[in-house]
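Structure first, commentary second.
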Amino acid sequence: MDRVSRLKGGGYLTSVASVILLAVPAFKSVMESVGMTISLIGGMLLSIIGMGLRWHSHRTEQRSKVVANDSH
């Protein structure tokens, strides 16, 4: 894995950690409402899944570049 990929991966992991850290104090205020708790958890999951999809897309793009360069 090259340096750019490591940096992007580190950025995505940092974003995942920030989602979790920001949710910790938010849980205190939403625990009384089931709807708000579900909304908070859903938002967290969608954000983390989105970062995972972007990372997967980046890695797929990098692999296709390697294959294209190897065929020339």
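Summary of computed values
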quantity	calculated
Cα-based Rg and Dmax for the chain, where Dmax is the largest Cα-Cα distance (Å)	17.3, 61
Nearest 10 degrees, 0 to 90: helix 34-70 Cα axis against the chain principal axis	0 degrees
In degrees, nearest ten, helix 3-30 long axis to first principal axis of the chain (Cα)	10 degrees
Full-stretch length increase - residue 16, residue 29 - with 0.36 nm per residue and alpha-carbon distance subtracted	2.6 nm
Per-residue [θ]222 nm for the chain (sum of -39500 (n - 2.57) over DSSP H runs n ≥ 4, rounded to 500)	-33000 deg cm²/dmol
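None of the figures in this text is laboratory data; all of them are computed from the coordinates on show. What you see is a predicted model; the values in this text were computed from it and never measured.
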